[in-house]
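Okay, so here's the structure we're looking at.
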Number of protein chains: 2
Amino acid sequence: MKDARLTYHHGNLRQELVDSAVELLHSEGEEALTLRAVARAAGVSQTAPYRHFSDRGALLAAVAETGFSKLDERCEHALSISGGPRDRLHRLGKAYVQFARDEPALYRLMFGAELGPFKDAYPSLDAGAKRVHDMMRITVEDLMPEGGAPNADAESACIAAWSLVHGLASLLIDRNINVPANRATALIDSVTSLFAKGLP
Amino acid sequence: MKDARLTYHHGNLRQELVDSAVELLHSEGEEALTLRAVARAAGVSQTAPYRHFSDRGALLAAVAETGFSKLDERCEHALSISGGPRDRLHRLGKAYVQFARDEPALYRLMFGAELGPFKDAYPSLDAGAKRVHDMMRITVEDLMPEGGAPNADAESACIAAWSLVHGLASLLIDRNINVPANRATALIDSVTSLFAKGLP
């Protein structure tokens, strides 16, 4: 513990606070995420977080950014495996849904309504969602016949692909689709492949 | 006002409280939905709501049920217009997304994480989601070649259709896709038609 405190002084306190916030989010939910609670969880004084976060919105934004980085990594890994464009889109979709299932609280924070009021103050939040959008777009465009589809079709197909995986992830983690755990993976595989196949 | 009070005594208080709760949800958000706040908004005593709702969960469940009934109506109307199975699926998708845009707070409550803990106590919540699921399924099955697709495929296609519209609705109302208001309708039209076209 003493060593950890020393590193705080060397500038790791911010990351330590974000890590504690992610843990709090998982264990207690979004409402519990206050600067005070995070200070307590990280074992620092109640004023310490204010050196790094001006208010609760700044903390939530930092937690969401961590989430977007994790999602980026998962998606990039899925896209790095060799295969045709249809395989890549299918794998991207599966990785996206699996991320939401592994980190439901983080996923809800990243894409939910709670962060809406903070989006103007923290442009990194829109940037996170935009990276997801771009990744979908590039992957979908690889599927389009060269010089064929006009731009608007590619954009609709990209939004459709994102909507499909975002909807499936949300319906599953918020228990609107009740599927036994041992069948969920097969369902995700089949639903995401359906879209990749259906595109012209 | 006096007449209204009289009708409460004749059994309309419950509906009056639910209506006040829906208004509160729209104006103040989910956190503001307490039995106390609803009593105040409806202009009745603070103990009056307890005659109809044992706790906050019961109130939230009643509000969500109202939402599911409204969504049912919209979807049934969309399906009642004559047309081929592809048109019907397309219209159902558009009606679904439009409902979410018209009633974003209600939509989030109906499908979001907040109600998760109450689903075991209030089976009507699962019943509402199940009606949506069934409506999607019947509409998608109409598109399948007769005696052709095995059951599992129809179920995947139904979940895919629901995921697509739920994802699009959620991404739009929670501002993850930023589309100018005058382009949103065209985007929704094109994204929902893409799915109806893509199915085998």
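Given R0 = 45 Å, the distance between the Cβ atoms of B:Glu23 and A:Arg14 translates into a calculated FRET efficiency of 0.60. Segment A:Arg101..A:Asp55, full-extension length gain: 13.7 nm, with 0.36 nm per residue of separation and the alpha-carbon distance subtracted. For the range B:55-198, the fraction of alpha-carbon pairs lying more than 28 Å apart is 20 percent, rounded to a whole number.
Normalised by the number of residues in the range A:50-200, the mean separation of alpha-carbon contacts (under 8 Å, six or more apart) gives a relative contact order of 30 percent. Summary for B:Ala154: label point 7 Å along Cα→Cβ; distances to the equivalent points in the other copies, ascending, 3.8 nm.
For chain B, the per residue solvent-accessible surface stands at 46 Å², with DNA, RNA and ligands left out and a 1.4 Å probe. Partners of B:Lys197 within straight-line reach, counting lysines whose Cα lies under 24 Å from its Cα and excluding those fewer than 8 residues away in the same chain: A:Lys94, A:Lys197, B:Lys94. Solvent-accessible area of chain B (1.4 angstrom probe, protein heavy atoms only): carbon and sulfur portion equals 51 percent.
One equal scatterer on each Cα of the protein assembly as shown, no solvent, Debye formula: the resulting log10 I(q)/I(0) at q = 0.06, 0.07, 0.08 Å⁻¹ is -0.27, -0.37, -0.48. Placing a label point 7 Å from Cα along the Cα-to-Cβ axis, B:Ser54 is separated from the same position in the other copies by 4.8 nm, shortest listed first.
Residue by residue along A:43-54, Cβ atoms of other protein chains within 10 Å of the local Cβ number 0 on average.
Copy-to-copy label distances for A:Thr185, where each label lies 7 Å from Cα along Cα-to-Cβ, are 4.6 nm in order of increasing length. Ranking B:Ala113, B:Pro180, B:Ala129 by Cα position along the charge dipole of the protein assembly as shown, where only Lys, Arg, Asp and Glu carry charges on their C-beta atoms, puts B:Ala113 farthest toward the positive end. Computed from protein heavy atoms with a 1.4 Å probe, the total accessible area buried between A and B is close to 2900 Å². Taking other residues whose beta carbon is less than 10 angstrom from the beta carbon of A:His90, and scoring Lys, Arg as +1 and Asp, Glu as -1, yields +3.
The values are calculated or read from the model by the stated rules, or taken from the named source; none is laboratory data. The shown structure was predicted, so the numbers you read here are calculated from the model rather than taken from an experiment. We place every Cβ from the backbone using ideal geometry, glycine too, and count neighbours over all the protein chains shown. Ligands, DNA and RNA are excluded from the accessible area calculation, which covers all protein heavy atoms including side chains. Shrake-Rupley method; radii C 1.70, N 1.55, O 1.52, S 1.80 Å.
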